Number of protein chains: 4
Amino acid sequence: MKPQLQPPLIIINFKTYLEATGKRAVELAKQAEKISKETSTSIVVAPQFVDIKAVAEAVEIPVFAQHLDPIKPGSYTGHVLVDSIKQAGAVGTLINHSERQLKLTDIDAIIKIAKEHDLISCVCTSKPSISAAVAYLNPDIISIEPPELIGTGVAVSMEQPEAVTNTLKLVRKVNNEAVILCGAGISHGEDVKVSLKLGAQGVLVASAIVKSNDSYTIIREFAYATKTH
Amino acid sequence: MKPQLQPPLIIINFKTYLEATGKRAVELAKQAEKISKETSTSIVVAPQFVDIKAVAEAVEIPVFAQHLDPIKPGSYTGHVLVDSIKQAGAVGTLINHSERQLKLTDIDAIIKIAKEHDLISCVCTSKPSISAAVAYLNPDIISIEPPELIGTGVAVSMEQPEAVTNTLKLVRKVNNEAVILCGAGISHGEDVKVSLKLGAQGVLVASAIVKSNDSYTIIREFAYATKTH
Amino acid sequence: MKPQLQPPLIIINFKTYLEATGKRAVELAKQAEKISKETSTSIVVAPQFVDIKAVAEAVEIPVFAQHLDPIKPGSYTGHVLVDSIKQAGAVGTLINHSERQLKLTDIDAIIKIAKEHDLISCVCTSKPSISAAVAYLNPDIISIEPPELIGTGVAVSMEQPEAVTNTLKLVRKVNNEAVILCGAGISHGEDVKVSLKLGAQGVLVASAIVKSNDSYTIIREFAYATKTH
Amino acid sequence: MKPQLQPPLIIINFKTYLEATGKRAVELAKQAEKISKETSTSIVVAPQFVDIKAVAEAVEIPVFAQHLDPIKPGSYTGHVLVDSIKQAGAVGTLINHSERQLKLTDIDAIIKIAKEHDLISCVCTSKPSISAAVAYLNPDIISIEPPELIGTGVAVSMEQPEAVTNTLKLVRKVNNEAVILCGAGISHGEDVKVSLKLGAQGVLVASAIVKSNDSYTIIREFAYATKTH
């Protein structure tokens, strides 16, 4: 059965940062788990493929893959099979991150593969109209991330609040179930609060946490921010 | 320091077969290790990304990734970073498998990344002229695999021996160091023997072993075939 | 100003068939034009990039490109710039044909580029949910083509009528303006009639016309079929 | 029969610049033709796909495509068929430009397609080792263009002369016939002279000519520079 995630939700994308590779991926995931338990906040970690198993064995919080290929078992050397990430302990996957964009038919195919394997699907989108398009494909989570803000430290919730509110407006016309997150530039607890005030049900974050000298403090700041908005 | 592989060499590509995913990847690697030790044969296993760590922790034979992305640490969600596979225990990687073909500049970049990280690079090619082209990029291993024979059970060494001999002839004009393997359709010990007689220094195999009901017997047959040619 | 196309509509995709390359592209377009005038039917031709200008100069019926790249003028060697096809006389373009599938963000970008240049955008989709997703991006035309039927001679309207009716149902929830076509396997006038009865506003066809020994007769059959449904 | 080009050679890549689109592509090609005749210099123009026919009809100097797809006639909507560019009057094609990079097997396939159709193949490479790799695939022309210098106005011949000389050294070990050009940042007659002194047999240029307010003067300067080195 597919696991349930209780919003508000914080997804930490480890990307391919050295600070979140190998043992350091496990350490970061443990910090996230500790804060998740202390603050009763839903925190998801998305490590690199190679690190999924070690991370999933080390923590009890949900682990997502960063990508999945639209393939069945067979002759697909160098691709990512749903069964491999599921057996390693992943309970969901990012899809179509702006750094790993996909063809429309592949997004659709991967959402279906995830559903068939009881994995949570989180599709990333770059703007409200694309969020609405994706809403029709019924992913579990839609995360709006204007690519021009990713990694800038300038938060989508501050700089482009209408990207969030328009995503909500358009998506809700056709889809009442998808959890809607926002991301790109989220750096402070205040960014998280504003995101939730705008109507987002959580955030997708990466560099602000992974590249921080004190990621524990930042994660905790984000977690508390989800409590007090 | 880069590990040394002593030809003749058998590389087993796990592809994305269910029979070689998760726990079954570890089991298959253990069979390969057992035969490797019993017969003093160089056997390499190439599991899926997600399974590299568990396989590398379970066996002492060399573990290769099936692919690597030409990236540095950073913002590359869903890509495969060299550090992640190395920290997980891989000592080499396949590059440009016919099921994961790459741009020419990316092949060059990945060979260099592998070299800088003391990883063994094994570039797959489809025909002799392409093998020769790749030889100039100085990978450690070149594996010629006519794609039309992959997965057919009709061995390259039997059906297209000139693909092997011409690869040897052309590559050796410019590169005396690269280990040259052949693959595609290798199914029986006899196919391995003929490959070595043609001058190849080993084989790259997948379905004949992975999809077999008795992979142990097949691997052993291959291993012995390298002894008696 | 963007030209208006009056449904029912027949779009003939020349693909990269030799029978519709160079002078033969012009000849085929002239046949289509003759029938268009004789029968007062909206017929569009979509030749290869290289043939757009000669075709557009030879006929008065609308000419579409088969694809467009999401680029601005500049350093994009080997890509297709909107200005080049427009200056050559194209009035629209196919987008995301199943033989030239695109990333979701590129589909969105190309629709916008087309709109800004007063070109008609026709996005091809493979199934109803994807048609609905695309509807949110506001193309002028959506053409549903189940890829498994393309080139088979087995018509979508006969074999998968629900692909057409469900596309209509889902798209019309959010978009009342897009012209909806169907394609794949359309081979006889009867296939066209049934398509229109199902609610489609026209058809997208290729091999049945281009590969025919008597394309004139087939086009005329299709044109008349749009009159009598 | 394949046309012969007499080095030294100047290839002008029109890219997708507005200054070299549609009628302006024809005008620029006519300038190049005029100078070619006045100075008896081999000048090739490479316009966008859509403009090939009009340019080839307007001038007698050789016309290249900027790219070609590795396909046969058939169902390849939105791709570039060799027959379409040949029938339109192209006598050659760029392959693997740094703005349109290709898989290694596709480079090989396109060179073969060009050969079978008596078209001149010009493969672009980014560095000496890649030039040498490509030399084994027997294209007619190899053009070395360090991508970091493209469009900068800083000429490869000045900034990275060893990219040119090492390309020559490596390529000539295995291939005595390919014409070797250099490109990237070539902006002045002096850059052309130095290129030829280094051993290159011509240049591949784009922005310095296409974006110039006085392209006629620049082309003529380049043409004369090939005479006096």
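The values are calculated or read from the model by the stated rules, or taken from the named source; none is laboratory data. The structure presented is a predicted model; accordingly, all values stated were derived computationally and were not measured. As a convention, Cβ positions derive from the backbone with ideal geometry for all residues, glycine included, and neighbour counts pool all protein chains shown. Ligands, DNA and RNA are stripped out before the accessible areas are found, and what is left, the full protein with its side chains, is counted by its heavy atoms. Shrake-Rupley method; radii C 1.70, N 1.55, O 1.52, S 1.80 Å.
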Rounded to a whole %, the carbon-and-sulfur portion of the accessible area of chain A at a 1.4 Å probe is 48
For C:Met158 the rounded accessible area (nearest 10 Å², probe 1.4 Å, non-protein molecules ignored) is 90
Percent relative contact order for segment B:9-225, counting Cα pairs under 8 Å at least six residues apart, stands at 19
In this structure, the FRET efficiency calculated for B:Asp214 and B:Arg100 from their beta-carbon separation, with R0 = 30 Å, to the nearest 0.05, is 0.60
Dividing the surface of the Cα convex hull of the protein assembly as shown by four yields a projected area in nm² of 37.0
Relative contact order of segment B:122-197 (C-alpha contacts under 8 Å, at least 6 apart) in percent is 37
Across D:90-98, the residue-averaged tally of Cβ atoms belonging to other chains within 10 Å stands at 2
Here segment C:73-78 yields Karplus 3J(HN,Hα) values (6.51, -1.76, 1.60; θ = phi - 60°; whole Hz; Gly and Pro given as x) of x, x, 8, 9, 3, x
With +1 on the Cβ of every Lys and Arg and -1 on the Cβ of every Asp and Glu, the dipole magnitude of chain B about its Cα centre, in debye rounded to the nearest 20, is 240
Checked against a 20 Å limit on the C-alpha separation, the offending pairs among D:Lys15/D:Lys53; B:Lys86/D:Lys127; C:Lys2/C:Lys34 are B:Lys86/D:Lys127; C:Lys2/C:Lys34
Between chains C and D, the summed loss of accessible surface on complex formation, probed at 1.4 Å and reported to the nearest 100 square angstrom, is 2900
In the protein assembly as shown the DSSP beta bridges are antiparallel at a rate, in percent to nearest 5, of 5
Ranked by GNM mean-square fluctuation in chain D (Cα springs under 10 Å), the top entry among D:Ile209, D:Ile111, D:Ile130 is D:Ile130
Rg/Rh of segment A:9-225 (Cα atoms, Kirkwood Rh), to two decimals, equals 0.94
Here the correct list, in nm and shortest first, of distances from D:Glu57 to the same site in the other copies, label points 7 Å along Cα→Cβ, is 0.2, 7.0, 7.0
Most fluctuating of C:Gly183, C:Gly151, C:Gly202 in the GNM of chain C (C-alpha, under 10 Å) is C:Gly151
Averaged over residues of C:131-137, the number of beta carbons from other chains lying within 10 Å of each residue's Cβ is 6
Inter-copy distances for C:Gln6, label 7 Å out on the Cα-Cβ vector, sorted ascending, nm, one decimal, are 6.0, 6.3, 8.4
For segment C:108-120, Karplus-derived ³J(HN,Hα) couplings (6.51, -1.76, 1.60; θ = phi - 60°; whole Hz; x for glycine and proline) come out as 4, 5, 5, 4, 5, 4, 4, 4, 4, 9, 6, 9, 7
Here the correct list, in nm and shortest first, of distances from D:Lys37 to the same site in the other copies, label points 7 Å along Cα→Cβ, is 3.7, 8.2, 8.5
The chain D residue whose Cβ lies closest to the rotation axis carrying chain D onto chain C, with that distance rounded to whole Å, is D:Phe49, 2
Nearest-0.05 FRET efficiency for B:Glu38 and A:Lys23 at R0 = 35 Å, using Cβ-Cβ distance, is 0.55
Inter-chain shielding metric for B:100-111, i.e. average beta-carbon neighbours from other chains within 10 angstrom, reads 5
Among segment C:31-57, those whose backbone N falls under 12 Å of a label point 7 Å along Cα→Cβ from C:Glu190 are none
Among D:His188, D:His79, D:His97, the residue with the largest mean-square fluctuation in a Gaussian network model of chain D built from Cα contacts under 10 Å is D:His79
